[in-house]
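J.: What follows is a structure written as structure tokens; I'll ask about it next.
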Amino acid sequence: MKTFKHYLYALAIAATLMKSTPAAADTIELRSDTWCPYVCDNKAAPGYMIEAFIRIFEKHGHKVNFEIVNWARAVNETRQNKAHVIVGAMVNDSPDFVFPEKSFGTGDDYFYVPRDSTWTYTGEPSLKGKKVGVINGYAYGGLVDDIIRKRKDVFISMSGDHPLEQLFRMVKNKRLDAFIENDAVFKYTLRELKLNPNDYKRVSENVADDPRLWAAFSPKNKNSVAYGKIFSKGIVELRQSGELQKILAKYGLTDWEPLPKQSR
């Protein structure tokens, strides 16, 4: 026979579970900027990160409300818990955020210049007399980020909805000598803007010392750890089912973390 003590015990367990598990009907506010092929301003093809994230969380009963804003705003809103997650983040973008076990891609960052440029980036001394474009709030790599912060005379920060397009124009018009960008985004944007890839070249080693990209959850949201677990489990399930490979193929990409080969 169940006693009143058993009833109270059951209520306590239920309350604990409710606190530790996000409600099935949660609406997750997702923010990012346009960064194709990771995140795109296109409803039919919103980027592989958006497609995969929505698929993962909707399978777990959540709704996802995605909004494109500039990157600095995306980070700030999520840090304040006005939004719940950003995607396409490097750890240096938001070191105080909650990062899941599984990453969401990789990205190499390079300095790019017009084809006729004779300049090469070889470290901070090589920046003398140069103007280099970067995107406001982006992290590119620990060492380079430190140089960007202290060399305001060299680095010009762009913001807005399509800052990379601004950087391409400014380099073409000789208002900048170079800019830094993710290699996949650089190539995708060249195609979208119908620019000749032979008009540009990379002039540095990969400056991203940690190339992993993440879904990073708000440090002020009590459900962030639970969301991170849902994401990590979900990305593994998408990979194992082949769904992730289909999403990536839509954007001309391959898996950043292939399945291990099966032993015979």
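The values are calculated or read from the model by the stated rules, or taken from the named source; none is laboratory data. In this text, all values refer to a predicted model and were calculated from it rather than measured experimentally. Don't worry about glycine lacking a Cβ; one is built from the backbone with ideal geometry, like all the others, and counts go over all protein chains shown. What goes into the accessible areas is simple: the full protein's heavy atoms, side chains included, and nothing from ligands, DNA or RNA. Shrake-Rupley method; radii C 1.70, N 1.55, O 1.52, S 1.80 Å.
J.: Do we have Ala208 as among the small types (Gly, Ala, Ser) and either within 11 Å of Phe111 (Cα to Cα) or in contact with an Asp or Glu (Cβ under 7 Å, 6 or more places away or on another chain) (or both) here? Break it down into steps so the answer makes sense when it comes.
T.: Details: among the small types (Gly, Ala, Ser): yes; either within 11 Å of Phe111 (Cα to Cα) or in contact with an Asp or Glu (Cβ under 7 Å, 6 or more places away or on another chain) (or both): yes.
Considered against the rule, which asks whether it is among the small types (Gly, Ala, Ser) and either within 11 Å of Phe111 (Cα to Cα) or in contact with an Asp or Glu (Cβ under 7 Å, 6 or more places away or on another chain) (or both), Ala208 comes out as yes.
J.: Tell me which of these Lys222 doesn't satisfy, since it passes every other one: (1) surrounded by fewer than 14 Cβ atoms within 10 Å (Cβ to Cβ); (2) closer than 21 Å to Glu58 by Cβ.
T.: Only one criterion in (1) surrounded by fewer than 14 Cβ atoms within 10 Å (Cβ to Cβ); (2) closer than 21 Å to Glu58 by Cβ is unmet by Lys222, namely (2).
J.: Of the numbered conditions (1) at pLDDT 95 or above; (2) more than 16 Å from Val39 (Cβ to Cβ); (3) within 20 Å of the chain's Cα centre (by Cα); (4) surrounded by 14 or more Cβ atoms within 10 Å (Cβ to Cβ), Asp177 satisfies every one except a single condition; which is it?
T.: The one condition Asp177 does not meet is (3).
J.: Can you find, within region 194-210, the residue that is nearest to Pro100 (Cα to Cα) among those that are buried (at least 18 other Cβ atoms within 10 Å of the Cβ) and under 17 Å from the mean Cα position of the chain (by Cα)?
T.: Only one residue tops the list, namely Ala208.
J.: Within region 115-135, can one find any residue that is part of a helix (DSSP H, G or I) and under 23 Å from Leu213 (Cα atoms)?
T.: So the first thing to find is which residues in region 115-135 are part of a helix (DSSP H, G or I), and the list is 124-127.
Of the ones still in play, those that are also under 23 Å from Leu213 (Cα atoms) are none.
No, every residue in region 115-135 fails to be part of a helix (DSSP H, G or I) and under 23 Å from Leu213 (Cα atoms).
J.: Name every residue in region 39-61 that is open to solvent by 10 Å² or more (accessible area, probe 1.4 Å) and in contact (Cβ under 8 Å) with a residue 60 or more places away in the chain, in order of residue number.
T.: Let us first name the residues in region 39-61 that are open to solvent by 10 Å² or more (accessible area, probe 1.4 Å), namely 41-46, 51, 54-55, 58-61.
Answer for region 39-61, where residues must be open to solvent by 10 Å² or more (accessible area, probe 1.4 Å) and in contact (Cβ under 8 Å) with a residue 60 or more places away in the chain: Asp41, Ala45, Glu51, Arg55, Lys59, His60.
J.: Quick check on Ala74: is it open to solvent by 70 Å² or more (accessible area, probe 1.4 Å) and hydrophobic (A, V, I, L, M, F, W, C)?
T.: Here the answer is no, as Ala74 does not meet what is asked.
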